[in-house]
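Student: Quick one: structure below, then a few questions.
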Amino acid sequence: MKHKIAPSILAADFGNLQRDIEMVNNSNADWFHIDVMDGVFVPNISYGMPVITAIKKHAKKTLDVHLMIVNPDKFIKNFKKIGADVLTVHYEACPHLHRTIQAIKDEEMLAGVALNPHTPISVLEDVIRDIDVVLLMSVNPGFGGQSFIENTYKKVIQLKDLIEKSGSKALIEIDGGVNDKTGAKLLSAGADVLVAGSYVFKSDDPTKTIELLKNL
Ligand code: DX5
Ligand code: ZN
């Protein structure tokens, strides 16, 4: 299966959000990556329900919602209601991760689990078969435009190995500092989904940049 590209809306022009959504609709991108930050789990606040509702109104592709919030369980039903297709929670924010994953699946969304750069792959051993997407953070979450942490390549290889050995069908998604160079190396290590914020939206021709990433 060809890899997927998920432009991160965090780097879009919020004054021209509909224009940027249409650009993604008309591009080779596969998913809209939507970062929700609460100022508690991460040292930044992004946007919440009203903005996602507005995105959903125009978006014609999968909404991949990345929750960087404490207590995500409280909001699972709300995110389903406003149109999330993939809902990803952080391992570090979920003391009862198995229950959280089941609750996301009960709402008929794909269940994603994100790992911070310092969190080892091994923590997923006992839930990997229940997960649809594993999101590896290749920067510390909270901000776009940071530089890629090289240790991520090794984690992709370890995760791929865990997925194959366990018979899991989870996709490997990478988030942070993705560009043509890091993207190509991530794909050869086994990544399935590349999130890209600044590299897409700050480029001269975002549609072409998406195409370039899709053709890596
Ligand atoms: C960071 C977010 C990312 C961010 C990526 O906390 O999870 O999705 O938008 O941005 P870039 O691609 O600019 O590193
Ligand atoms: Zn993200």
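The values are calculated or read from the model by the stated rules, or taken from the named source; none is laboratory data. As the structure is a computational prediction, the values presented were derived from the model and not from experiment. Cβ atoms come from the backbone with ideal geometry, glycine included; neighbour counts cover every protein chain shown. Just so you know, the surface numbers come from the protein's heavy atoms only, side chains and all, with ligands and any DNA or RNA stripped out. Shrake-Rupley method; radii C 1.70, N 1.55, O 1.52, S 1.80 Å.
Student: Let a ≥ b ≥ c be the square roots of the eigenvalues of the Cα gyration tensor of segment 1-57; is it rounded (a/c under 1.5), or, if not, prolate (a/b larger than b/c) or oblate?
Tutor: Since a/c reaches 1.5 but b/c is at least a/b, the shape of segment 1-57 is classed as oblate.
Student: Highest first, please rank the peptides 170-179, 137-146 by the mean number of other Cβ atoms sitting within 10 Å of their residues.
Tutor: Result, highest mean first: 170-179, 137-146.
Student: Tally the DSSP beta bridges in the chain and give the antiparallel ones as a percent, rounded to 5.
Tutor: Given both bridge residues lie in the chain, the antiparallel proportion sits at roughly 5 percent.
Student: Express in whole angstrom the spacing between the alpha-carbon centres of segment 1-62 and segment 178-201.
Tutor: 17 Å
Student: Aspartates and glutamates near Lys165 by alpha-carbon distance under 16 Å, same-chain residues fewer than 8 away left out - which ones?
Tutor: Counting by Cα, and skipping residues close in sequence, Lys165 has these aspartates and glutamates nearby: Glu125, Asp126, Asp130, Asp132.
Student: For Arg19, Arg99, give me the order by solvent-accessible area with a 1.4 Å probe, most accessible first, ignoring ligands, DNA and RNA.
Tutor: The most accessible residue leads, giving Arg99, Arg19.
Student: How much mean residue ellipticity at 222 nm does the chain get from its helices, if each DSSP H run of length 4 or more adds -39500 (n - 2.57) and you divide by all residues, to the nearest 500 deg cm²/dmol?
Tutor: The helix contribution divided over the chain gives -9500 deg cm²/dmol.
Student: Quick check on segment 4-214: take the gyration tensor over C-alpha atoms, sort the square-rooted eigenvalues as a ≥ b ≥ c, and tell me if it's rounded (a/c under 1.5), prolate or oblate.
Tutor: Since a/c reaches 1.5 but b/c is at least a/b, the shape of segment 4-214 is classed as oblate.
Student: Can you pick out the pairs among Lys56/Lys77; Lys61/Lys181; Lys74/Lys155; Lys56/Lys214; Lys56/Lys105; Lys181/Lys202 whose Cα atoms lie more than 18 Å from each other?
Tutor: Exceeds cut-off: Lys61/Lys181; Lys74/Lys155; Lys56/Lys214; Lys56/Lys105.
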